[in-house]
Structure formats: structure tokens, C-alpha cells
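One structure below.
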Amino acid sequence: MTTVEPLGAVRERVLSSLRQEIIAGRLLPGDRLVERELAERFGVSRVPVREAIRALVTEGFVLFETPRRAVVRRLTRTDVAELFELREALEVYATGLAARRATRADLAELDELLDRAADATAADDAEAITDINTRFHDRILAMAGNSLLISVMEPVDGRLRWLTRQNEEWPQLLAEHRELYAAIASGDRERARAHALAHVRANYRSTVRHLFGDTDAPVLTGTDLEGEV
């Protein structure tokens, strides 16, 4: 008996594949998403492809230039600044909580991810680096132990991964993650928050340089560590 894959499952499979292709840079800004071509490539009808494209529009990866022409979105300076402002506010707070609440098992998992990141960096494997670095930050968010933080991050998680992929200064990124790990492992909340803030802002500057060629990116001023609870 042939098993028919539910339409919702087909949509999610197509959506996940297209999202990952955009994040990994296999689909580039300006590339057109043609329903017929994608349906043939995935071996599905046009309906789940159409729904997947609409979901990518909602997630901020794709836009309709005309009612019938969907293309991968080109990130603007405003897009990048807004996403990093959100990341700064949430990740700095989450990292402070993680420093307070991390268990030995949590720290061991982060340490293992850093070892894997070092191997991927040595191999210059961009996709593996992006995946591991995403897992590293996801783990810190989980360690914070705040389900509302996770739910707030979920709608923009894909776009944040997309931005992370733009920063190709891999050795520097690895060094910053090692420093962030050490700060969390110390249990010092303020030290962890300070390293998280420095890390996000350094990543912002690197991303702006890569995307727009700017040597002097505008300064993010969203988070002030003074006087926060």
C-alpha cells in the first residue's frame, strides 16, 4: 500500500528545504522562486509550494515584487540593525540567566559544541559552522530556563541564522564563543552579559561589512547594562 504524505507535512518539508537553501546561500537575494519549477524539483503539487512561499514571506525571507513574482529578499541596513537590536536585547538577558542557572551537563554540552565548531572552522565548512553556532546559541537560550524568551525568539530565529551566515570571520567568531562560554561557566551574571553584548555588537559590525562593505557600521545602542535587574 502506498502511503500518501499529508499536505501539511509536504508543505513543511518544502518550507524547511527552501528556508535552509536561503540561509546556506544556495538561494541568493534576488533569486526568483517559481512555483512550477519548485514543484517539479520537489516532486510535489504546486499547492504546498505556494503555501511554503507564503510562509517564507511571513518569516521575512521572501517578498513578492509583483503578485506573481516571488524573490529572495535583499536585506537592508534597517533590516540588519533591527534584527541585531532584538538579538542584543534578548541574548544579553538570556546569557545572564544562563550564567546563573547552568548545570555541569549544560556546560559540557556547550564545550562539546565548541570542539565541533573548532573542527568545522579548521575545515572551513561554512554550513557546519552555521549549524553548530546556531546550536550553541540555542543551547544558551535553553539554559536560561525561560520559555517566554524562547517563544519570542522563534519567529525571527531563521532570519537570525541567515544573518549569522553572513559573518564569515570564523576564527574570530570561535574565539568570541570560547570567551562567552568561559563567562557563563564562571557563574558571574554581569561578566556573561558583558561578553554577550560585546559578541552581538562585534557580529553586527562584521555582518554589515560583509553585506554592505561598510567599514564603520552604525553603533547599536539598545542595551545598557547599567542599572538593569
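No value in this document is a laboratory result; all are computed from the given coordinates. Values in this document were obtained by computation on a predicted structure and should not be read as measured data. We place every Cβ from the backbone using ideal geometry, glycine too, and count neighbours over all the protein chains shown.
Summary of computed values
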{"read-out": "Where N is the number of residues in the range 1-89, Cα Rg divided by 2.2 N^0.38 Å", "value": "1.21"}
{"read-out": "Calculated FRET efficiency for the pair Ser186/Asp31, C-beta based, R₀ 30 Å, to 0.05", "value": "0.10"}
{"read-out": "Angle in degrees between helix 46-59 and the longest Cα principal axis of the chain, rounded to the nearest 10", "value": "30"}
{"read-out": "Net length gained if the chain between Glu168 and Val57 were fully extended (0.36 nm per residue, minus Cα distance)", "value": "37.4 nm"}
{"read-out": "Computed helical MRE - 222 nm, the chain, DSSP H runs ≥ 4 contributing -39500 (n - 2.57), nearest 500", "value": "-24000 deg cm²/dmol"}
{"read-out": "Spatial separation of Cα centroids for the range 114-131 and the range 60-105, in angstrom", "value": "21"}
{"read-out": "Nitroxide proxy distance, nm - points 7 Å out along Cα→Cβ at Phe42 and Arg13", "value": "1.0"}
{"read-out": "Ordering of 59-70, 125-136 by burial proxy (mean other Cβ atoms within 10 Å per residue, highest first)", "value": "125-136, 59-70"}
{"read-out": "Sorted peptide list for 47-53, 34-40, criterion being average Cβ within 10 angstrom, highest first", "value": "47-53, 34-40"}
{"read-out": "Rounded to whole Hz, the Karplus (6.51, -1.76, 1.60) HN-Hα couplings of the range 26-39, x for glycine and proline", "value": "7, 10, 9, x, x, 5, 8, 9, 9, 3, 4, 5, 5, 4"}
{"read-out": "The range 89-229 - percent relative contact order, Cα under 8 Å, separation 6 or more", "value": "35"}
{"read-out": "The chain: angle of helix 189-212 to the longest principal axis, Cα-based, in degrees nearest 10", "value": "40"}
{"read-out": "P(r) weight above 21 Å for the chain, C-alpha pairs, percent", "value": "60"}
{"read-out": "0 to 90° range, to nearest 10: angle between helix 126-143 axis and the chain longest Cα axis", "value": "60"}
